[in-house]
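Worksheet: the structure to be examined is printed underneath.
The values are calculated or read from the model by the stated rules, or taken from the named source; none is laboratory data. None of these values were measured; they are calculated from a predicted model. Quick reminder, even Gly has a Cβ in these numbers, built from the backbone with ideal geometry, and neighbours come from all protein chains shown.
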Amino acid sequence: MSVTHVTQGVEHPVAVVRLEGIEKSFFGVQVLRGVNLSLRAGEVHALVGENGAGKSTLLKVLAGVHRPDSGRIVVRDEEVSFAAPRDAQAAGIAIIHQEFTLLEHRTVAENVFLGREPVRRGQVDRRALETETRRLLDWLGEDGIEPGTEVARLSVARKQVVEIVKALSADARVLAMDEPTAALADNEVELLYGLVRRLRDRGIAILYVSHRMREVFDLSSRITVLKDGALVTCAPTADLDADQVVRHMVGRPLEALYPERASRPGAVRIALRGAGNERVRNLTFDVRAGEVVGLAGLQGSGRSAIARAIWGVEPFTTGTVELDGVPTRVTGPRTAVRKGIGYVTEDRKGEGLALRQSVRDNTLLVRRAACRGAVARQTADLTRLLGEVGVIARGPHQEVRYLSGGNQQKVVLGKWLAVRPRVLIVDEPTRGVDVGAKQALYRLLRDLADDGMAILMVSSELPELIGMSDRILVMHEGALAGELPAGADEEAVMGLATGHGAVA
Amino acid sequence: MSAVSERVRRRGEALVRTRTSVITPVLVVYLALAVLLVAGSVLVGVQGGVLLDHGGILNILTRGTVLGLVAIGQTLVIVTGSLDLSVAYLIGLCSLVASETMAGSPGMIVPGVLAALGVAAVVGLVNGLVITVLKANAFIATLGVALVLRGYLEHNYTGPAGSVPRAFQHIGYDRIGPVPVAALLMLLLAAAAWWYLRRTRTGYHMYAVGGDVEVARLSGVRTGRTIVTAHVLCAVMAGLAGVFLAGRLGSGAPYVGADAGYDLESIAAVVLGGTALAGGRGGVAGTIGGVLILSTLDTIFDDLGLESFFKDVVRGVVLIAAVALYARSRTAGRSA
């Protein structure tokens, strides 16, 4: 492979890839507004922005998945257009996604050259396959990985290396890494740092997408900040500090989308005392009746892991949990339901609903599973339930897959209301829901709290979290980084969540 | 220096790791086969017989030949993440095409074989295209093709038809010592299929498509073509089985494949041989082990004179036990 011709350690002032004035909209919603981005050989260029700022769309434009509505893509001073991902690959651009494109049960070498196996006299040249792979691994300084090892036996960090080597073997000169540390354990992050720096020193242009300020400042030489689809700033890392970057990322006015907060919370409904498991540790907090407590944090910080632990999918292994003052062990979802804990999962279509079943069957799913008694009695107050959550459907027999995202979410909430939980955990409750339905869902959640339910709300949308919560708990790398009062500003939350310390 | 020693250490670790993973499904299958042969010999011996005498070996290998041919093809499609339920009727159809084309004339042997294999290839092509172009689920697609074939056979045949010249019948009965020539040919084809899967690009791509279609596609593998190739090869292997059966029976028989249940039997042999039904892992070596286990079981039951009811129960138990064992070792491997 021709990666060797890269002159080591030389910084090229010329951009390998330039995106100029990229515009993209989906269904009339503008997602990218004239974004410029240039990537130079031998630089680590950080791309930051809140969820929905347009980072992933920009990545997809770069990868040839989406075609921009207008704007130019220039590769080595030549304007190109990508009709499909393979065109971008041919131009030397590779995206390292969070999910790897590796075959678990094939060897490292077989994965690296998948689809491009060297052939000699009618059969795959296995020696060339292994030596080439080993050469690329050595070139990267990753000689701990054997080309003949089955990928399933490698750690996540090493799989990431294989993924990168796979891209390099196809002559990639530009690597876009999407949240590369999201899947890594803490001690593996340092290894990734080393790898990224070696790639940089070998003349690869790296686009590093991350939320984490520490990584961005440790690694990058330039930072581009996107907000609401537009470029806010692009500046050398040395000219910026974390506060500035966070400020650039956030700071939009809160709309009057959110209902009034609770007057005064009641008794403690759920209390965690030093609770922890493999993914989160030493959690101590209460949620009171009538409260909406927000749980903030970056992807992988453990916010959803808390929800899953409380609900018994991956139970806590240390510490205690008290429900209404009674120490309780929740060992599985079924116990959780029995004890009065409801969980609106993040993945509505995958985990929340039986898409091909009716509104009625979905709404009654939990009650049928958890309670004994005649079917007639169970279905008696279906109409009342559906009215309470405000589902708009053709009727109780409509299949839920035909409902809008907002109505689907209301069905999920209805499913839990059918058993009147004491504690309700909602994970990304308004993902993929339009603004009108969002408002209705916020109202509904607040009403439930006012009725005495304790609500724990996980969300990656800061405005929503701040607008809804009576208190905000911020997670960072599996532990509580701090607690903020109602109406805290986004910078304070992001500061804690990125491990940058409390700004407020 | 320390980097070098680190490297040596790592290589060492890798070696140790491969050494501990020597207990592969293939090894398990052949160990099971060995255990079965010993246990069978003892059981048959207690009743005063000998399992592995001349006739016993002949019996095991003859039974294994047809199933082996079909299961080799089935391995290719299952590794690719697909499935072929049409093989049983295809065997019958190909036996008829071969024997009717030959019509007792020695000069027509080669055209007869070619015609049968050609028909098989077309059926395989249809299977593959229905799956890749019409995006039908492999189970349903090949079941549909099986029904079409059955309909054709039922409408046009009531019993055996055509006739195979004596010269060709030798293929069914010639042997070297206790080893039938046909069994040797089957093993030769198994070796070829092994080489194809393990050494050629298309073979590599079959594992890739079976492992994860999306990953394969994103890596530039022509997934549709790979699936179609697997189905054509599988059908041709079933065609060979049909031709061989025509030679053995002296004529073509419409339900020779279906009556023996070669569709599910071949899938059972593949799965018994350690190939994942979901695709992406496994291979021909295990499949041949699976075939030999099934044919040895049959031979043992015959020697013991057991009822067929009992025979089926034992086969079922063996199959479930094997699959449960593999599932267990796989989850254990994942958590390690």
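Conditions (1) at pLDDT 95 or above; (2) in contact with a Gly (Cβ under 8 Å, 6 or more places away or on another chain); (3) among the aliphatic types (A, V, I, L, M), marked per residue:
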| position | (1), (2), (3) |
| --- | --- |
| A:Tyr193 | no, no, no |
| A:Gly203 | no, yes, no |
| A:Met213 | no, yes, yes |
| A:Phe217 | no, no, no |
| A:Leu226 | no, yes, yes |
| A:Gly229 | no, yes, no |
| A:Asp239 | no, no, no |
| A:Gln244 | no, no, no |
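Name the residue that is nearest to A:Met213 (Cα to Cα), counting only residues in the stretch A:181-196 that are within 17 Å of the chain's Cα centre (by Cα) and not β-branched (Val, Ile, Thr). Before you say what the answer is, go through the steps one by one.
Pass one, the stretch A:181-196, residues within 17 Å of the chain's Cα centre (by Cα): A:181-185.
After this cut, where a residue has to be not β-branched (Val, Ile, Thr) as well, the list is A:182-185.
Values: A:Ala182: 13, A:Ala183: 17, A:Leu184: 16, A:Ala185: 17 Å.
Restricting to residues being within 17 Å of the chain's Cα centre (by Cα) and not β-branched (Val, Ile, Thr), the top hit is A:Ala182.
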Note on the stretch A:479-504: residues closer than 17 Å to A:Thr284 by Cα, touching a residue at least 24 places away in the same chain (Cβ under 8 Å) and surrounded by fewer than 21 Cβ atoms within 10 Å (Cβ to Cβ) are A:Ala479, A:Glu483
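Would you call A:Val156 modelled with pLDDT under 90, under 28 Å from A:Glu491 (Cβ atoms) and among the β-branched types (Val, Ile, Thr)?
Values: modelled with pLDDT under 90: yes; under 28 Å from A:Glu491 (Cβ atoms): no; among the β-branched types (Val, Ile, Thr): yes.
No.
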Could we say that B:Thr142 is β-branched (Val, Ile, Thr) and buried (at least 24 other Cβ atoms within 10 Å of the Cβ) here?
yes
Which numbered condition trips up A:Ala172, out of (1) outside any helix (DSSP H, G or I); (2) under 28 Å from A:Ile73 (Cβ atoms); (3) among the hydrophobic types (A, V, I, L, M, F, W, C); (4) away from chain B (no Cβ under 14 Å)?
(4)
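Return yes when A:Gly64 is farther than 12 Å from A:Glu20 by Cβ, modelled with pLDDT under 90, buried (at least 22 other Cβ atoms within 10 Å of the Cβ) and within 14 Å of another protein chain (Cβ to nearest Cβ) and no when it is not. Talk me through it step by step, then tell me what you get.
Details: farther than 12 Å from A:Glu20 by Cβ: yes; modelled with pLDDT under 90: yes; buried (at least 22 other Cβ atoms within 10 Å of the Cβ): yes; within 14 Å of another protein chain (Cβ to nearest Cβ): yes.
For A:Gly64, the condition - farther than 12 Å from A:Glu20 by Cβ, modelled with pLDDT under 90, buried (at least 22 other Cβ atoms within 10 Å of the Cβ) and within 14 Å of another protein chain (Cβ to nearest Cβ) - is met.
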Scanning the stretch B:262-285 for residues that are farther than 21 Å from B:Leu61 by Cβ, among the charged types (D, E, K, R) and assigned to a helix (DSSP H, G or I) gives B:Asp263
Any residue at all in the stretch A:420-432 that's at pLDDT below 90, within 22 Å of the chain's Cα centre (by Cα) and of a type in the set (Gly, Ala, Ser)?
yes
Got at least one residue in the stretch B:86-104 being farther than 17 Å from B:Phe244 by Cβ, assigned to a helix (DSSP H, G or I) and either of a type in the set (S, T, N, Q) or at pLDDT below 95 (or both)?
no
Scanning the stretch B:286-336 residue by residue, those modelled with pLDDT of 90 or more and either among the polar types (S, T, N, Q) or not in a helix (DSSP H, G or I) (or both) turn out to be B:Thr287, B:Ser295, B:Thr296, B:Thr299
Taking the stretch B:203-221 only, how many residues are out of contact with any helix residue (DSSP H, G or I) (no Cβ under 6 Å at 6 or more places or on another chain) and either more than 7 Å from chain A (Cβ to nearest Cβ) or outside any helix (DSSP H, G or I) (or both)?
4
Conditions (1) modelled with pLDDT under 85; (2) under 21 Å from A:Leu441 (Cβ atoms); (3) not in a helix (DSSP H, G or I); number of the one not met by A:Leu355:
(1)
Selection over the stretch A:103-131 where residues are among the aliphatic types (A, V, I, L, M), within 7 Å of another protein chain (Cβ to nearest Cβ) and either assigned to a loop (DSSP other than H, G, I, E, B) or in contact (Cβ under 8 Å) with a residue 24 or more places away in the chain (or both) yields a count of 2
